[in-house]
Amino acid sequence: MEITIQSIHFEASKKLEAFIQKKVSRLSKFYDDVRLADVTLKVVKPETNDNKDASIRLLLSRTDLFAHETADTFEAAVDKCVNKLERQVVKHKEKQRSKNGNTLSDTDTDIFQA
């Protein structure tokens, strides 16, 4: 998965970029076909609490997923976005499985438990 980080009107530190790389790369363990993660960071004016915006767009093979959060720090905002995207990826994966007929019925699970 390719991860691009764009910081608007400020320069992101190497530590912040490493944090984002680590957190966003976790999403690939939930779904193998994540092609690109586009992370945008922005400081909202005026300077107040909760003025750090983070948005992440995931490009999958057939769809895009998006999450946006505002928090006190970029780390907190990115963490919240990743959590939202984890749920979205799992839901998307479950939908794909049900469309393809790969779900197990109750009788099928009894076979595996015996």
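The values are calculated or read from the model by the stated rules, or taken from the named source; none is laboratory data. Since the structure is predicted, the reported quantities are computational estimates derived from the model, not experimental observations. Counting neighbours? That spans all protein chains shown, and the Cβs are built from the backbone with ideal geometry, glycine included.
Which of the residues belonging to region 40-68 are part of a strand (DSSP E or B), closer than 18 Å to His9 by Cβ and either of a type outside the set (A, V, I, L, M) or in contact (Cβ under 8 Å) with a residue 40 or more places away in the chain (or both)? Passing the criteria: Thr40, Lys42, Lys52, Asp53, Ser55, His68.
Let's see how each residue does on (1) closer than 15 Å to Leu65 by Cα; (2) modelled with pLDDT of 95 or more; (3) within 15 Å of the chain's Cα centre (by Cα); (4) not hydrophobic (A, V, I, L, M, F, W, C):
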site	(1), (2), (3), (4)
Ile8	no, no, no, no
Ala18	no, yes, no, no
Val24	yes, no, yes, no
Ser28	yes, no, yes, yes
Asp32	yes, no, yes, yes
Asp38	yes, yes, yes, yes
Leu41	no, yes, yes, no
Val44	no, no, no, no
Glu47	no, no, no, yes
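Looking only at residues of region 20-39 that are among the charged types (D, E, K, R) and without any contact (Cβ under 8 Å) to a residue 24 or more places away in the chain, we find that the one that is farthest from His92 (Cα to Cα) is Lys22. Of (1) within 22 Å of Arg87 (Cα to Cα); (2) surrounded by 15 or more Cβ atoms within 10 Å (Cβ to Cβ); (3) out of contact with any helix residue (DSSP H, G or I) (no Cβ under 7 Å at 6 or more places or on another chain), Lys29 satisfies all except one. Which? With (1) within 22 Å of Arg87 (Cα to Cα); (2) surrounded by 15 or more Cβ atoms within 10 Å (Cβ to Cβ); (3) out of contact with any helix residue (DSSP H, G or I) (no Cβ under 7 Å at 6 or more places or on another chain) applied to Lys29, the lone miss is (2). Among the residues of region 26-39, those identified as assigned to a strand (DSSP E or B) and either acidic (Asp, Glu) or under 22 Å from Ser13 (Cβ atoms) (or both) are Ala37, Asp38, Val39.
Scan region 71-94 and tell me whether some residue there is of a type in the set (D, E, K, R), at pLDDT 95 or above and part of a strand (DSSP E or B). Looking through region 71-94, none of the residues is of a type in the set (D, E, K, R), at pLDDT 95 or above and part of a strand (DSSP E or B).
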